[in-house]
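Step one of this worksheet: look at the structure below.
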Amino acid sequence: DPLWSRGLGDVYKRQPVLSTLVAEVYGPPEASYDELIQVSKRVRSELEQTEGVVDVDDFAEANYQRWQYYVNQDKAAALGISTSTVAQTLSMAVAGSKVGLMHIAEERRPLWIQLQLPRSARSSEADLLALTVATAKGQLVRLSEIGSFQTNQGDKTIYHKNLKRVAYVTGEMAGRSPVEAILDMMTTLSDKPLPEGYTAELAGEGEWKITVDVFRDLGLAFGAAMVMIYVLLVGQTQSLTVPLIMMIAIPLTVIGIMPGFWLINLFSSPVAGYATPIYFTATAMIGMIALAGIVVRNSIILIDFIETIYRNHPEMSLAEAIIEAGATRLNPIFLTAASAVLGSMMIVLDPIFSGLAWSFIFGIIASTLFSLVVIPVVYFLIKRGGFSRSDA
């Protein structure tokens, strides 16, 4: 068996996601990995032609040569040289070996002392064969005298997922949403199907899968937050309908957030020929969830003020009490919204949390404006027929 081998393949380091777009190509069990690679090359070609997709690559390794050193056991045994000594010598020359620690006053940590031949002295087969090892009698013998190198084709990495062979094709996005690119690729693979038994999954190890999982979890969190807010308001108001009126402000934020992102992207300028849109990201979703508790506050204060005025002023009708409450609370509500918007402006320039800031800004503006009209109107329509002053 060879004592030492040297490969030129890349080292694969595990990352949270492989890339923004990842196509996982699977084949039938009887197919060879080379056949799987050939199908993945076709997927790569289709991905390269998809609008907005750049830096397309795959995990197919190029062919490379591997050197294997074989020891002539008879010669080595006659000279008293063990195979482990030969292997250790080659390993130290090429990969290096840590032999101790060095303590330097200027360094905070001790430094390893590593013995290794310079690249110029280990860059060819002749250089390595010129290395020497000691015999049992202390004499130095060149490696060329007790063995030789053989060159053969290096083994390629075979990737597996869920016990199945897989070939990865990756890509990044420029000026376009990954959702659009994935939909285009699904259409392309539908029109030009892969050979029988082969499939290409686009929701695997890419950023797209993480995005879907995050939005799913945040959606569940948003629903749980709505339920908790409703339960708290029911306990406070002792009513099943008034909390629903108060919570109308929450969907009103969506009316501002979604068109707001569309509006801000109308003014985005391209960079190097690519559009630079601001997407509704996970941080924007977090901002929308946090906004739910903030905008409900205005509804609570407004409705509570309506009921207080209606209860304390018998001469006023419900409609007059609503108008009076709106006029009285208009300035404080606007000031509260303005302070929240100005506070969020500081986060707009952050590349990660800008989505959260825009969610706050557009959501608060829309919810504030609509809440002053929609909530009083809905409250009046529900309460005008069966609302007495003793209920307030």
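Label Y279 and T188 with points 7 Å out from Cα along Cα→Cβ: what is the distance between them in nm?
Here the modelled spin labels are 1.7 nm apart.
DSSP loop (so not H, G, I, E, B), at most 13 other Cβ within 10 Å: list which GluC sites (Glu not before Pro) in segment 305-392 pass both filters.
E315
What are the extents of the Cα atoms of segment 195-234 along their three principal axes, listed from largest to smallest and rounded to whole Å?
The Cα atoms of segment 195-234 stretch 59, 19, 7 Å along their principal axes.
Nearest 0.05, what FRET efficiency do K137 and I104 give at R0 = 51 Å with Cβ-Cβ as r?
After rounding to 0.05, the efficiency reads 0.80.
Counting just the Cα atoms, what span does segment 244-382 cover along each of its three principal axes? Round to the nearest Å and put the largest first.
67, 25, 22
Would any residue of segment 283-316 have its amide N under 13 Å from a label point 7 Å out along Cα→Cβ of F215? List them or say none.
283-286
Just check segment 210-263 against the gyration tensor rule for me: Cα atoms, a ≥ b ≥ c as the square roots of the eigenvalues, rounded for a/c under 1.5, and otherwise prolate or oblate depending on whether a/b exceeds b/c.
oblate
Once the Cβ-Cβ distance between L349 and V373 is put in as r, and R0 is 41 Å, what FRET efficiency do you end up with, to the nearest 0.05?
Efficiency, from the Cβ-Cβ distance: 0.80.
Which order do S120, S339 take by accessible area at a 1.4 Å probe, largest first?
Final ranking, largest accessible area leading: S120, S339.
With a cut-off of at most 15 other beta carbons within 10 Å, and DSSP calling the residue loop, which trypsin sites (Lys or Arg not before Pro) in segment 130-215 qualify? Please list them.
Here the trypsin sites (Lys or Arg not before Pro) that fit, given the DSSP loop and packing criteria, are K137.
Might you report the magnitude of the Cβ-based charge dipole of segment 238-392 about its Cα centre, with Lys and Arg at +1 and Asp and Glu at -1, to the nearest 20 debye?
Here segment 238-392 has a charge dipole of around 120 debye.
Which value at 222 nm does the chain reach when only helices count, each DSSP H run of 4 or more adding -39,500 (n - 2.57), with the total divided by all residues and rounded to the nearest 500 deg cm²/dmol?
-17000 deg cm²/dmol
Measuring from centroid to centroid over Cα atoms, what is the spacing of segment 138-169 and segment 27-50 in Å?
25 Å
Under a point-charge model restricted to the Cβ atoms of Lys and Arg (+1) and Asp and Glu (-1), what is the dipole moment magnitude of the chain relative to its Cα centre, in debye to the nearest 20?
940 debye
Roughly what angle does helix 354-383 make with the longest principal axis of the chain, taking Cα atoms, 0 to 90 degrees, to the nearest 10?
Orientation of helix 354-383: about 30 degrees from the principal axis.
By how many degrees, between 0 and 90 and to the nearest 10, does the Cα long axis of helix 282-312 differ from the longest principal axis of the chain?
Roughly 10 degrees between the two axes.
Go through H103, H313 and list them by solvent-accessible area, largest first, probe radius 1.4 Å.
If we order H103, H313 from most to least accessible, we get H103, H313.
Enter the angle in degrees (range 0 to 90, nearest 10) between the Cα long axis of helix 83-94 and the first principal axis of the Cα atoms of the chain, meaning the one along which they spread out most.
For 83-94 against the chain, the angle is about 60 degrees.
Rank Y379, L356, A366 by how far each Cα sits towards the positive end of the charge dipole of segment 272-392 (+1 on Lys, Arg Cβ; -1 on Asp, Glu Cβ) and give me just the farthest.
Y379
Just grab the label-to-label distance for M226 and N162, each label 7 Å out from Cα along the Cβ direction, in nm (one decimal).
Computed distance between label sites M226 and N162 equals 3.1 nm.
Multiplying the sequence separation of Q153 and S177 by 0.36 nm and subtracting their Cα-Cα distance, what value in nm do you get?
Net length gain for the segment: 4.5 nm.
Roughly how big is segment 158-238's charge dipole about its Cα centre, with Cβ charges of +1 (Lys, Arg) and -1 (Asp, Glu), in debye to the nearest 20?
Dipole size: approximately 200 debye.
Could you work out the per residue convex hull volume over the alpha carbons of segment 15-145, in cubic angstrom?
Cα convex hull per residue, to the nearest whole number: 245 Å³.
Quick one: check the C-alpha center-to-center distance for segment 261-308 versus segment 172-191, whole angstrom.
27 Å
So for the chain, taking the charge dipole from beta-carbon charges (+1 Lys/Arg, -1 Asp/Glu), which of V271, S40, I303 sits furthest toward the positive end?
After comparing all options, I get I303.
Could the peptides 214-223, 279-288 be put in order, highest first, of the mean number of other beta-carbon atoms found within 10 Å of their residues?
Listed from highest to lowest mean packing, they are 279-288, 214-223.
So what does I255 come to for accessible area, using a 1.4 Å probe and Å² rounded to 10?
90 Å²
Given N residues in the chain, what is Rg(Cα) / (2.2 N^0.38 Å)?
1.64
L240 versus A31, label points 7 Å from Cα toward the beta carbon: distance in nm?
Distance between the two pseudo-spin positions: 5.7 nm.
The values are calculated or read from the model by the stated rules, or taken from the named source; none is laboratory data. Just so it is clear, the model here is predicted, and its values are computed rather than measured. Don't worry about glycine lacking a Cβ; one is built from the backbone with ideal geometry, like all the others, and counts go over all protein chains shown. With ligands, DNA and RNA removed, areas are computed over all heavy atoms of the protein, side chains included. Shrake-Rupley method; radii C 1.70, N 1.55, O 1.52, S 1.80 Å.
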